[in-house]
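Trainee: Got a structure here, written out as structure tokens. Questions coming.
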Amino acid sequence: MVDMSQTAVLLAPEIVLFAASMLVAVLGLSRSTGTRSLVPWVCVAALVASILALDAVWTPERIQGANLLFPMLGKYGKALIALIGIGLVAVSAGSIDRRYEEAVARGRASFDALRVVRGEYYAFLLLSLTGAMLVMSAPDLIWLFLGLELVSLPTYIMVAVARTGRRSMEAAMKYFFLGALATAVTLYGFAMLYGATGTMQLISMRDLLAEQAAGPGLSATALLGTILTVLGLCFKLAAVPMHFYAPDVYEGAPLPVTAFLSFTPKIAGFSALVTVLGTVGWSGHAMVDHDGIRIAYQGLPQPITAVLWMVAVLTMLLGNIGGILQTSLKRTLAYSSIANSGYMLVGVIIGPQGGIGAMYLFMLAYGVMTVATFAVLATLERKGEEVDSFESLSGLRSSHPVLAFLLTVSALSLLGVPPLFGALAKIVLVFVAFEGGQASLAAVLLLNTAIGAVYYLRFVGAAVVNPPNAKSQDVVAVPHWWPKAAAVVAGVGIIVLPAFLSRLVDASATTVDGYIDLGEAVVSDADDRPSTSTTD
Amino acid sequence: MIVAPAMLSSILALAEGPLDAHAAPELRWAGLALLLPLVSGVLCLLCDWMKIRSKLPAVLTIAALGGAFATILRLQGAVGETPVVVNLFDWISWTWGDGSRFHGISANVDLYIDRLTIFWMLFVTGLGTLIALYGSEYMESDVGKGYTRFFGGVSIFLFAMACLVMGGNLVMLYLGWEGVGLASYLLIGYYFTKPEAVAAAKKAFIVNRVGDLGLALALFLIWQCYGTVEYAALWKAIDGAPASSEWTAQAIPWLLMLGAFGKSAQLPLYVWLPDAMEGPTPVSALIHAATMVTAGVFLIARMFPLFVVNPDAMAAVAWVGGLTALLAATIGMAQYDMKRIWAYSTISQLGYMFLGLGVGTSFGASYHVFTHAFFKALLFLTAGAVMHGFAGQLDIRKLSGLSKVPGFRLVSWLAVLGCFWLAAFPFTAAFFSKDEILVSAFTARDERVHVLGWIGLVVAALTAYYTFRVGFRVFFGPVKYEPGDEHHGHDDHGHDHARDAHGSPAAHGGRGHHGEFHPHAPRWAIRVPLVLIAVGAILAGWPSYRTMLNHDERNWVKTQVKQSSAYQGAPAESHGSHDDHAAAPNVAGADPAHAGHGHLVLGMDAHTAVGRLGSLACIAGILVSLYLHLVNRGAADALRRTLMGSVATRWIVVGAERKWMVDEFYDWVIRLPLRVIANILAAIDDLLLDAGIVNGLGALPAAVGRLFRPLYGGVVQGYAVTMAGGVALVAAWVIWIWLRGAN
């Protein structure tokens, strides 16, 4: 059984974030403007503290007691969440409550604690990040499920709370309703997995499934349970067939929330996906074919590979083709987010032999690019409203050259122009796909990169090539330095991080350290299956 | 293969063992040579951003380049005979499969430092510092406008060049290669309001892309053939394996050659260099004469082990070099723009360097690179000083007797000194370096290249003629000048005037027939670098003087080159009779059977003969020039008229003056067909692709979208039904598969 005290210490990063979320919820209600403006600082401090705490508590001895399927996943993954979280806080910091705070500062409105949302907004942001971290250290299905819910529930409110207006309300309702549906599918999958194995513990589940695979092959319940779980999680990833909500919700939500939605649920969803797929394993399975002959497969069990393959290809294609037709910036970025999920699914299909590391490397690149792109957009406003059309970006080069440069860099990186970070992360994915024997997936990925050029270059064209027009005349920079700083730091990261590619590849590869895939042993020698303790 | 296998194997046998490189983490400070220019480049960018309108960028750049030079000087003492590899940080290093050869790629940010690296970096950073100092005054009329941009470009250039020369693998070399190309493009197009400058920048960039394609393909093939792109491992791989007869291995030197010919302006890719003179003169001196254009020579010298095993490729290099030298010299004879003449002379001298490489004397080629860097920088910078002083005037017909114009005496005499060096006057540094190349051409093992020795001698005479055509016309004779029409110098004439009053009062003495014009004389920031570079040009001959006076002493440049990859099995070097003269033992192993065998030129020993013939050619050229361009200038025009008068000889003048129509030829053969094809394709694109396929495909997603629109269109139930339907479909499919499998 799990040693609770050790596990509790492992949760130090989450505890820090949780405590900070309570703190900012209160601070946000303060009558003093100075105290209220401290809130983003507290968030950043808490995220930095959680990285430090993570580094201190994540020791091999403690992890052994924690009974985790992917013992080292948390170290890289949680640090990644906190790091990008800082950027997401900075993207939010300029716009949440800004109108109201300005009115208060000018004396046009008196402070009313019921009208501010700053406290709740940042509290929910931190809680959602806490949930994403919890997903990464889930030893069993219940923990995993609660972690996933903690990611999603605050985001439903964030969509609604950060801006008053019908559109964000509608987006929040849609997001909540469809999210509940997807959660139901996931939960159904979990239930079937429990039915197939009789355990909630992920490690025991892996052992039992391996036994099944060695004997009669995976039961239909187990397969179906895994597949339903995968499909339910597709909602978090914004992947086919659960992607429909993304453009509507991304467009309806306030811009900082859109940035948050395109990263946090995605990393939580991918981590949950990797964890669940880890129970069936990538390294080979025996299946019984028509004539009753057992064949060994490399990779995930064949039906799961087939489903994931289809999901990945359709997600890439629908994301990129959908992006072509859009005129709204946020809708375009929603489709970009969908397409990027498709790219990352390629890494998941390949598995621990490089694939998952490549996926997490790409996740880092995607996070940095997301922060850079949204931070630039969050810096701009037109008549007090968010900028949400390509026309508004026209002539950005002459009015805000640095922002135009940063937007160009992040768009080109998303498109995959070497030597920017996004391109190199994508090349690693393609490379891993080739090495993993999925050349067709690699080809689809490259083809989609070409399709994606159509709408990514639209950002560049609008910002750099087009002359200013009537719509872009009134576009000004917001009087806050937070998003500008985030844009500069993330933009520089896109340019500079490729220099450390080798280290980042190594670091992201540590996510699968300590994971034991029993499939291979099962195929080679079904009778003499090594136990967990002897390997690695 | 024309060459008998036996000969090949004997060449291989001569090859020294691989220069085993050892890791030297304690030398990480050598990375400063890259870091400092990069930092100053970034700071220049910041200066531009913060709208700093002062000479600060120049100070930053000079300090950074000086720091890089100091780093290299220190490195010179710190690195011994064996090459060292310094890992700065890991960049690309992956393995897959079992991680053996061909199962991994490693291209970290390493420095590969052998004597060749240091030798090259010494003059790159040293000249770079001096030329930046020169530029700080030369560009001063642009302070607040393009000054920051200029120095940013120079810093980035030095960073890229350091990356190219010091990088430990071909990927870094390639990055540096592209980086210097970019810096070159930015700096040629510095005066971006001038259409000619923009066209020249584009031409340079596009012509270089052809060469870069070769380099990129060579890089891929090297990885494919040898499984590594890191020098240290590459030498081992080459040394261990016999020369492969695979076409891929055979193609590598040819592709590398293409890259080298593009960057170093050789036939057929030389056309960009004369136009590149549209850039500011310090750029012409630094990038397009002294350093960047020698990158091609460096590439072949660095990759010498790949060339020596392929005699055909070597012969091709030699022939291209020799013919380029000849062609460029003939064009140089008939031009009137001083910078353009020096540009053609650069192409011609680069031709000598490739000739040297092709006949196997990587030492001679490197030595010529070294001496050429100094005197050509000197010639360009003096031309720049003239241009700076005479409002952009460069036409040698409109400048005369400058050595008597006060304030220009020093510049003139330094220019004349440079002329002697370029003409390879006996006992100047260039005389020795050219000598090395020509002797090796006459004594090369491959008899197909012997005739190039004679061509080289002819070019030497032509060089002496056109060099002193400029020297005698511009700096001697009656004082007579017309200012140019560039605003550079005119615009800021007012303040220059005031400064000249106390800076160099002599400047006011000079009055040509153009009464109002005062040439403004250069001040210290132009004079000091000129003098230092002139001293450098003189000292560049030092290694040879020592060899000549003291027979025991080995040539310094030679020892540098010998302890590097450029000397692995260099065939001609080990057989050159000149080496057998010297008592110095030959490391590569003098083969007695070959000594003094077939090395006679005109009945004399090759070394003596080339020395005498070279001196003769040089002096003859100078004398002809003296008569035509100083003693009796009318005779030159009369000669031109006579030649133009006869149909039989007319083509010589017209051809040379119009640069043998090579640009026009390329226009007709390459640009015109491309334009025609482009137009045809554009028509097809408009009519067929755009109208039919693209619009059709473009309509497809929209059509698909419309198909589903009734289903959702923003209504949440629609989404929910679709999602649930998707799940149900997948589930049904899986169950079906499972049922089928279970049967």
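Trainee: What does the average come to when, for each residue of peptide A:226-232, you count the partner chain Cβ atoms lying within 10 Å of its Cβ?
Mentor: Mean shielding count: 3.
Trainee: Which lysines does B:Lys376 reach when only Cα atoms under 19 Å apart count, and residues fewer than 8 places away in its own chain are ignored?
Mentor: B:Lys263, B:Lys339, B:Lys434
Trainee: Take the Cα radius of gyration of the range B:186-234 and divide it by 2.2 N^0.38 Å, with N its residue count; two decimals is plenty.
Mentor: 1.74
Trainee: Given only helices, namely DSSP H runs of n ≥ 4 each adding -39500 (n - 2.57), what is the per-residue ellipticity at 222 nm of chain A, to the nearest 500 deg cm²/dmol?
Mentor: -23500 deg cm²/dmol
Trainee: If I take the Cα coordinates of the range A:4-533 and project them onto the principal axes, what are the three extents in Å, biggest first?
Mentor: Over the range A:4-533, Cα extents along the principal axes are 77, 49, 41 Å.
Trainee: Taking the Cα centroid of the range A:181-254 and of the range B:412-487, what is the distance between the two, rounded to the nearest whole Å?
Mentor: A separation of 80 Å, based on Cα centres.
Trainee: When A:Val430, B:Val369, B:Val59 are ordered from fewest to most other Cβ atoms inside 10 Å of their Cβ, what list results?
Mentor: By the 10 Å Cβ count, ascending, the order reads B:Val59, A:Val430, B:Val369.
Trainee: While we're here: Show the residues, 5+ positions off or on another chain, whose built amide H is closer than 5 Å to the amide H of B:Gly167.
Mentor: B:Tyr112
Trainee: Where the centre of each part is set by its Cα atoms, how far does the range A:66-131 sit from the range A:140-160, in angstrom?
Mentor: A separation of 15 Å, based on Cα centres.
Trainee: In what sequence, highest mean first, do B:651-658, B:110-117, A:30-37 appear when ranked by Cβ atoms within 10 angstrom?
Mentor: Top of the packing list down: B:110-117, B:651-658, A:30-37.
Trainee: What's the exposure ranking of B:Asp90, B:Asp395, going from fewest to most Cβ atoms within 10 Å?
Mentor: Listed from fewest to most nearby Cβ atoms, that is B:Asp395, B:Asp90.
Trainee: What number, in percent, do you get for the relative contact order of the range B:128-282 if the mean sequence gap of Cα pairs under 8 Å and at least 6 apart is divided by its residue count?
Mentor: Relative contact order for the range B:128-282 comes out at 25 percent.
Trainee: Here is a further query. What is the range A:4-533's relative contact order, in percent, from Cα pairs under 8 angstrom and six or more apart in sequence?
Mentor: Here the relative contact order equals 17 percent.
Trainee: Would you mind checking the pairs A:Lys484/B:Lys194; A:Lys426/B:Lys236; A:Lys174/A:Lys266 and listing those with alpha carbons more than 29 angstrom apart? Show your work: numbers first, answer last.
Mentor: On the way: A:Lys484/B:Lys194 36 Å; A:Lys426/B:Lys236 33 Å; A:Lys174/A:Lys266 18 Å.
Pairs exceeding 29 Å: A:Lys484/B:Lys194; A:Lys426/B:Lys236.
Trainee: How many partner chain Cβ atoms sit within 10 Å of a residue's Cβ in peptide A:494-503, on average, as a whole number?
Mentor: 3
Trainee: Dipole size in debye (nearest 20) for the range A:4-533 around its Cα centre, Lys and Arg Cβ +1, Asp and Glu Cβ -1?
Mentor: Dipole magnitude for the range A:4-533 comes out near 1980 debye.
Trainee: What list do you get for B:His372, B:His103 if you sort them by fewest beta carbons within 10 Å? Please report the intermediate quantities before stating the final value.
Mentor: On the way: B:His372 30, B:His103 13.
The most exposed by this proxy come first: B:His103, B:His372.
Trainee: Let me ask something else about it. Average projected area of the Cα convex hull of the protein assembly as shown, in nm²?
Mentor: 57.0 nm²
Trainee: Distance between Cα centroids, the range A:390-410 to the range B:217-276: provide it in whole Å.
Mentor: Between the Cα centre of the range A:390-410 and that of the range B:217-276, the gap is 41 Å.
Trainee: What does the C-alpha gyration tensor say about the overall shape of the range B:38-159? Classify as rounded when a/c is under 1.5, otherwise prolate if a/b is larger than b/c, or oblate. It would help to have the intermediate numbers written out before the result.
Mentor: Numbers: a/c = 3.74, a/b = 1.78, b/c = 2.10.
Judged from the Cα gyration tensor, the range B:38-159 comes out oblate (a/c at least 1.5, b/c at or above a/b).
Trainee: Just round it to a whole percent: the fraction of Cα-Cα distances in the range B:342-471 exceeding 17 Å.
Mentor: It works out to 58 percent of all Cα pairs.
Trainee: For B:728-739, what's the mean count of beta carbons from other chains sitting within 10 Å of each residue's beta carbon?
Mentor: 5
Trainee: May I pose another question? Could you work out the Kirkwood radius for the range B:231-365, taking every pair of different alpha carbons, averaging 1/r and inverting it, reported in Å?
Mentor: Averaging 1/r across every pair of different Cα atoms and inverting gives 15.3 Å.
Trainee: Provide the net charge surrounding B:Ala204, with neighbours chosen by a C-beta distance below 14 Å and charges set as Lys +1, Arg +1, Asp -1, Glu -1.
Mentor: -2
Trainee: What is the pair-distance distribution P(r) of the range A:297-408, computed from all Cα-Cα distances in 5 Å bins starting at 0, with each bin given as a whole percent?
Mentor: Per 5 Å bin, starting at 0, the Cα pair percentages come out as 2, 11, 16, 18, 16, 12, 9, 7, 5, 3, 1, 0.
Only the coordinates and a few stated rules stand behind these numbers; no lab work does. The structure displayed is predicted, hence computed values, not measured ones. Don't worry about glycine lacking a Cβ; one is built from the backbone with ideal geometry, like all the others, and counts go over all protein chains shown.
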